[in-house]
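See below for the structure under consideration.
What follows draws every value from the coordinates through simple rules; no lab data is involved. Everything numeric in this text was worked out from a predicted model, so none of it was measured. Reconstructed Cβ throughout: ideal geometry from the backbone, glycine too, with neighbour counts over all protein chains shown.
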Amino acid sequence: MKSGRILYVGALVVALVVGLGLWKPTHVKAHRERVPKFRVDVSWPKELPAPTGYNQATWPTPTPGDNVAHRWVQGEVAGNCTDQWDNIYTFNRAWQVGASVNGVLQNNESGAIDGNDATAAGALPSPPVVAFAPDGRTIKERSFGNPTLWLAGAHGAYTGTSAIGRSAYMPYGAHGCFVDYQGYLWVGGNGDGVIQKYNPAVAGPAGAAATYVLQIGTKDVCDTASGICGSSLTGANAALNHSTTLLNEPPDISVDPEVGPVSGCTGDIYVADGYGNARIVVFNPCKVTAGNPSGYVGQWGTSCGHNEVPNGTPFPGNPCPLGTYGTGAGHPHCVVLGNDGLVYTCDRPNGRIEVFEKTCAAYGPQPPPAMVITNPNLPNSSSNQMICPPKRVIYITNFGPENYPAVSSPQVAAALSAGTRACDIDLYPNVDYLADTSPTSQRYILNTDLDGDNNYILEKPTSGSGDITATSPILGSIGKCGFGPCPGHNAGEFAYSHTNSSDSKGNFYVAETITGRRIQKFVPVDDDDHHDHDHH
Amino acid sequence: MLRTRILVFAFLSFVLFVGCSLTVAHDLPANTIMNSFVKIEPHQADFVARVPVDLVRGLAYPLKGDQYDLALSQPVTEQAIAMLAQGFILLENDVRLTPSKTTGHLSPAADRSFEDYATAVEETDKPLDPSVGIANGMGYLDIHFVYPISSPKSVFRIQSLVAADLGSLTKLTVRYMPLGEPSRAMIITGDSGAVVLNPAWYHAAAGFVVLGVEHILSGIDHLLFLFCLVIPYRRWRGLISVITAFTIAHSVTLFASAFNLAPKGAWFPPFVEMAIAASIVYMALENIVGADLRRRWVITGMFGLVHGFGFSYALGQQLQFAGSHLLVSLFSFNVGIEIGQLMVLAVMLPALALFRRVVPERVGVIILSALAAHIAWHWMMERWQALKQAPWPTLDADSIITLARWAAALLLAFGAARLLVNWLGRKFPSRVELPETRMEQTTRAAS
């Protein structure tokens, strides 16, 4: 009994001494830098709607007498974006179909359902734009896109190899989306020559047409020698990279709520015109005239004609000059406006983020330059007129040794050599639509790696001029596998993670395309609740 | 009384009339959060609010392309202001106030003037710049109502009937700024009713007593724990030490949580949930194996700490309505829990006595405890799965200090409970039934 009391008093004294701060365990780091941590929220999104009478061909008008619950199934979720109220939109390829499901053509870009599933379960592809409330419920009234149009034979001038099943109205090859400061939803496609602007607040009964506001570019006509969309650098279909009205497979869009330094107007539209062309091109409606019907402001960027690390092997002695983009799919693949007033662009084939001043828009219009630079060592040659010197170039190449000492791991090396690291970025924490007026810190870059099947947290370099190149250490990963690839279809794993966005609460959303076909939500779990930026 | 009835009737009428006219039975609007400030001045109350325009349905704003034609929008805005003056109700001492001045206009979706009161009032009172583009269905209605009041010391209540048909999905954030006191924030929903902005201590106390009773009566896991506690006992007296230990322990953690002393990691809530289920399993197994009941108060006290955290989660969202009476509200909530417990025990003990008449005592203890253990085991497994998903905290200086504080609190609570039990034992030596005796007797009888 006595020894019990001694033990009790001893334990109490130790607990009080430590607990009251009379002795601090100084050998552990008291002020460790807290990199954001996330956990996957498996409860988000909730099940998609299963409207009875749902028929793609007539949506949203129900089929009379049809009592089967047709659950919406998203296809390749190629894009995602966040609005002012933390609703999440996906732009998915559910409706781009060619095979037969319930008598409806689909192809391998269609919803993740086959004929038997669809027949037995009554599942049908969702509309191409699906809106989710912050709690994961689908907002049917803001989900839109008329799926009948893929069956239309009117494919315009498009003569590509897989015209079948493409929407005649929304962009082919559904890709990125963006919600601007006024609440408009922008979408772009990597199989077409258009970006489109919609008002999701008045979506619903009339389908896509009711929400359509404007389009830049011409359906099925691209900025190439032949007008055929594609990414050829030479030949009859060579990309031209200079049209003031046409685009060439643009994957991403951002809109600036501030006055642009070149346009002099609010609301510059930045387009990553980057699957066929290789430029950032800026438009503003305030510049629309009879001679400038798209409101072209300017452009910069061109292709360097190759990748620095094709197939994982560095291209010896032939780096892509700063300010150019690698060739291959997606160059540039994203455009994001930072609250530092800079324009962040993804040079996906080269695994780097190129950061520019907005004044780069003054580089165009110019006399049509060559699409591919021929001699980067001649600064004034006509071939590189379009190279605006970047303010900063961030190579995503290095895992911070503190976090991941085993850089030599084959898996990590493979992930690093894959040329799709800079697939999409989010400046975190962020309020996307406010861009450079965002009051949040944007201290980190959250980076989506397509082939590496993971999403990484980088520290955003903040140093000033002269810091042209920076290697941004990967501070943390978002997938549940830690650093290195995290492939899989379970929660917290990734298959073709493609785009990302965050909301005002610091939640991070990742859309998976091709075989992933879903969107996942990651919730910050940092003990310091620094991410809660409630705004309205 | 008559006045209250008239008010209730009026409220119900508004719910039906205004609620229906403000919204139609659509899907959930994209934004259901309204933002407001209530500032009390010596002779007036200022109410400034921002309402998502798609929450106020039925307004036919003129359009110019896809955007509102702001130059022609004022008549519809006036209509919206009139609707919102009906939809927001401010009461002074239960009398509805009428605004003496109303202003308002549309504002764009990206506007951030509602981040503080002064800017919100300044911008709302200014005429809208017609060159600002506001997309159809986007943006907000910003309003500023001025209500004459008789005294800043009155009791003020607020209620929102805007889109009240959406119930708890419609949220009004209220930042209440009383005269000469610190401001407070609260969130009320479409089904909150009239909420007191500056409750007197007895208002707060009454509300939290009810809340405590409701919580214990609706908390099935707490009830099952209580059930397992009392299964072996035949009389109240044997329960005194156990119930006292449970009460003290859960009060400690409940108060600690209210003062933000609980661990904050994402792992903690699922840990508490799982530990509550585990506490039921343990208690049921202890009943089955016929453990020494003299020491039951110790383990009950330990588990009481965990249940206190559980109670705190129920309290968390409600403390915003405590006004400046945090301690009173906490104490009242605790009292409510004790009242609820006594009510439950008043039913449980006679029911158990009846049960013992038809089933041999020891057999009955085993059957009931096995059933409880079965249910709780499933809860525990489910909650373990949730806990596994949660990231565990890293062992740094902060977490070691927090751990030490909790160890100290736990040891102190243990010591206090022991002293109390010893005191009770000395004070009522002949009355306190030694529970272990009964257990041993019943065990012998069964064997």
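Quick check: net charge around B:I299, other residues with Cβ under 12 Å of its Cβ, Lys/Arg +1 and Asp/Glu -1? Numbers along the way, then the final one.
Working: positive: B:R294, B:R295, B:R296; negative: B:E286, B:D292.
Local charge sum for B:I299: +1.
Taking other C-beta atoms within 10 Å as the exposure proxy, A:S226, B:S151 rank B:S151, A:S226 from fewest upward.
Bridge orientation summary for chain B: considering DSSP beta bridges with both residues in this region, about 85 percent are antiparallel. Using the Cβ atoms and a cut-off under 13 Å, what net charge is assigned to the surroundings of A:V40, where Lys and Arg are +1 and Asp and Glu are -1? Neighbour charge sum, excluding A:V40 itself: +3.
What is chain B's relative contact order, in percent, from Cα pairs under 8 angstrom and six or more apart in sequence? Can you show the working numbers first?
Numbers: 671 pairs, mean separation 73.7, N = 447.
Relative CO of chain B lands at 16 percent.
Which of the lysines could be linked to A:K521 by a straight reach, that is with a Cα gap under 25 Å, when you skip same-chain ones fewer than 8 residues away? Cα-Cα hits under 25 Å: A:K37, A:K46, A:K140, A:K460, A:K480, A:K505, B:K171, B:K264, B:K388. Note on B:T119 and A:C265: with the Förster distance fixed at 22 Å, the Cβ-Cβ geometry gives a FRET efficiency of about 0.30.
Springs between Cα atoms under 10 Å define the GNM used for chain B, and in it the highest mean-square fluctuation of B:Q320, B:Q86, B:Q389 occurs at B:Q389. In this structure, the amide hydrogen of A:Y275, modeled 1.01 Å from its nitrogen in the peptide plane, lies closer than 5 angstrom to those of A:H331, counting only residues at least 5 positions away or on a different chain. Projecting the Cα atoms of B:G212, B:M186, B:V363 onto the charge dipole of chain B (Cβ charges, centred on the Cα centre) puts B:V363 farthest toward the positive pole.
In the stretch B:2-198, what percentage of the DSSP-assigned beta bridges are antiparallel, given to the nearest 5? Let's see the in-between values first.
Numbers: 40 of 47 bridges.
Beta bridges within the stretch B:2-198, antiparallel portion: roughly 85 percent.
When the chain is fully extended, how far beyond the present Cα-Cα distance does B:M381 get from B:Q318, taking 0.36 nm per residue of separation? Stretched out fully, the B:M381 to B:Q318 stretch lengthens by 19.7 nm. Our helix-only sum for chain B, with -39,500 (n - 2.57) per DSSP H run of n ≥ 4 divided by its residues, gives a mean residue ellipticity at 222 nm of -19000 deg cm²/dmol. All other residues whose Cβ lies under 12 angstrom from that of B:A353 are scored, Lys and Arg at +1 and Asp and Glu at -1, for a net of +3. When chain B is treated as a GNM with alpha-carbon contacts under 10 Å, the residue of B:L371, B:L161, B:L326 showing the greatest mean-square fluctuation is B:L371.
Arrange A:E76, A:E141, B:E122 by Cβ neighbour counts within 10 Å, fewest through most, would you? Kindly include the intermediate steps, with their values, before the conclusion.
Numbers: A:E76 28, A:E141 21, B:E122 13.
Lowest count first: B:E122, A:E141, A:E76.
When chain B is treated as a Gaussian network with alpha carbon springs shorter than 10 Å, the biggest mean-square fluctuation among B:L223, B:L354, B:L387 belongs to B:L354.
With the charge dipole of chain B set up from +1 on Lys and Arg Cβ and -1 on Asp and Glu Cβ about the Cα centre, the Cα lying farthest toward the positive end among the listed residues B:L172, B:M274, B:G316 is that of B:M274.
Could you tell me the calculated FRET efficiency between B:S218 and B:A82, based on Cβ-Cβ distance and R0 = 35 angstrom, to the nearest 0.05?
Details: r = 41 Å, r/R0 = 1.16.
It comes to 0.30.
Compute the FRET efficiency between B:K264 and B:V155 as 1/(1 + (r/R0)^6), taking r as their Cβ-Cβ distance and R0 = 35 Å, and round to the nearest 0.05. Write down the numbers at each step before the final one.
On the way: r = 34 Å, r/R0 = 0.98.
My answer for the efficiency is 0.55.
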